[in-house]
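Read-outs: derived from the displayed coordinates by stated rules, not from any lab. Model, not experiment: these values are computed from the prediction. Don't worry about glycine lacking a Cβ; one is built from the backbone with ideal geometry, like all the others, and counts go over all protein chains shown.
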Amino acid sequence: MRQGWALITGASSGIGRELAYILAKERYDLVLVARRKALLEGLKNELKKLHPPLSVEILPYDLAKPETPARIFKELKRKKIRIQFLVNNAGFGTSGPFAEANLQRELELIDVNIRSLVELTHLLIPDMLRYKEGIILNVASTAAFLPGSFMANYYASKAYVLHFSEALAEELRPYGVKVSALCPGPTATEFFEVAGSAQSLIAKGKLAPLMSAKEVAEIGYRSAVKGKVVVIAGFTNKVLIQLVRLSPRFLLRKITALLNKPRERTRP
Ligand SMILES: NC(=O)c1ccc[n+]([C@@H]2O[C@H](COP(=O)([O-])OP(=O)(O)OC[C@H]3O[C@@H](n4cnc5c(N)ncnc54)[C@H](OP(=O)(O)O)[C@@H]3O)[C@@H](O)[C@H]2O)c1
């Protein structure tokens, strides 16, 4: 008995890739989105071998391009695929003083982490409402609870995802559609390399031990099925976020700036 179709953005590595393994095992057919086609093809072949009745569609598209969500939606309609489980996971970070940042890259971050998530969700909700079933798992971060100097745009983008998901969860609950915001803390993936912060104290596990992408994905899947709205991954991260809730904002600004501050800076 198949469960229906799940769409995962950012399925080529890290947490998204692990969610693909879990959803395939849970008998979902999969639509996998990310830019690196070879990685998606490899994953597709592996999953089909592991779970023979599985169908997998790969869409090697760039979510920083504004036309991508509509292109994905058109492909789904053409293939008569209705999505029951949407995982908005694709995302990346940038690091360093915002004044010195590459603006184009910062705007791409907003396009991938926020714009594509909002648009895909909006395009896929109508069918979920019509059939009174659906699960939306948005990958935010523990960064969503903090002002994050030297990763200002990234932290702010995750605050958006958290608040958007919580609001949507309340709107859609009466219609049988569940929405969760998964908030991982530091996780061992390509994330820190891509963000250029692999040498930071956080990436080195000095704040909280790095969790594996598999652990985080399992927590995300289980919680989304239960309809848990805010999901902080792991015990240490839960404790840290409780402390964040009790701390004055000025202190949080100082601590996060200290943790994220690049080791060598060219300008104050
Ligand atoms: N790792 C952590 O410490 C951590 C903590 C909290 C939250 N998160 C969040 O978890 C999510 C997954 O990240 P991860 O840790 O698994 O990192 P990752 O290994 O770098 O995975 C990021 C995924 O996003 C995809 N992606 C990036 N830019 C894209 C674009 N323009 N178009 C399409 N896909 C794109 C990547 O695929 P391609 O490169 O193939 O396009 C990749 O599959 C992100 O939203 C991240 O912010 C991570």
Counting Lys and Arg as +1 and Asp and Glu as -1 over every other residue whose Cβ sits under 12 Å from the Cβ of G234, the net charge comes to -1
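How high is the relative contact order of the chain? Use alpha-carbon pairs under 8 Å, at least six apart in sequence, and give a whole percent. Don't jump to the answer; show the numbers that get you there.
Working: 501 pairs, mean separation 49.9, N = 268.
Reported as a whole number, the value is 19 percent.
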Exposure proxy check on S212, S165, S149: fewest-to-most Cβ neighbours within 10 Å is S212, S149, S165
Partner aspartates and glutamates whose C-alpha sits under 19 Å from that of K238, ignoring same-chain residues fewer than 8 away, are E166, E215, E218
Longest principal axis of the chain (C-alpha) makes with the long axis of helix 14-25 (C-alpha) an angle, in degrees to the nearest 10, of 30
Filtering trypsin sites (Lys or Arg not before Pro) in segment 67-159 by DSSP loop and by at most 10 other Cβ atoms within 10 Å leaves K80, K132
Square roots of five times the C-alpha gyration tensor eigenvalues of segment 4-260, ordered largest first and given in whole Å, equal 29, 20, 18
Here segment 208-252 gives, from Cα atoms, an Rg and Dmax in Å of 12.6, 37
Excluding residues fewer than 8 positions from K48 in its own chain, the lysines with Cα under 26 Å of it are K25, K37, K74, K77, K79, K80, K214
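Relative contact order for segment 115-268: what percent, with Cα pairs under 8 Å and sequence separation of 6 or more? List each step's numbers first, then the result.
On the way: 215 pairs, mean separation 43.3, N = 154.
Reported as a whole number, the value is 28 percent.
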Given unit charges at Cβ for Lys, Arg (+) and Asp, Glu (-), the dipole magnitude of segment 4-260 about its Cα centre in debye, nearest 20, is 440
Rounded to the nearest 10, the angle in degrees between the Cα long axis of helix 68-78 and the longest principal axis of the Cα atoms of the chain comes to 10
Under Stokes-Einstein, segment 155-268 at 10 °C and 1.306 mPa s, with its Kirkwood radius over C-alpha pairs, diffuses with a coefficient in µm²/s of 101
Counting only residues 5 or more apart in sequence or on a different chain, those whose built amide H sits under 5 Å from that of V31 are A6, L7, I8, E57
If N is the residue count of segment 158-211, its Cα Rg over 2.2 N^0.38 Å rounds to 1.53
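Where does segment 1-131 land on Rg/Rh, using Cα atoms and the Kirkwood Rh?
On the way: Rg = 15.3 Å, Rh = 15.3 Å.
My calculation of the ratio gives 1.00.
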One finds the C-alpha centres of segment 59-98 and segment 145-182 to be spaced, in Å, by 17
Residue-ordered couplings for segment 191-202, obtained by feeding phi - 60° into the Karplus form 6.51 cos²θ - 1.76 cosθ + 1.60 and rounding to whole Hz (Gly and Pro as x), are 3, 5, 4, 5, 6, x, 10, 5, 8, 5, 4, 5
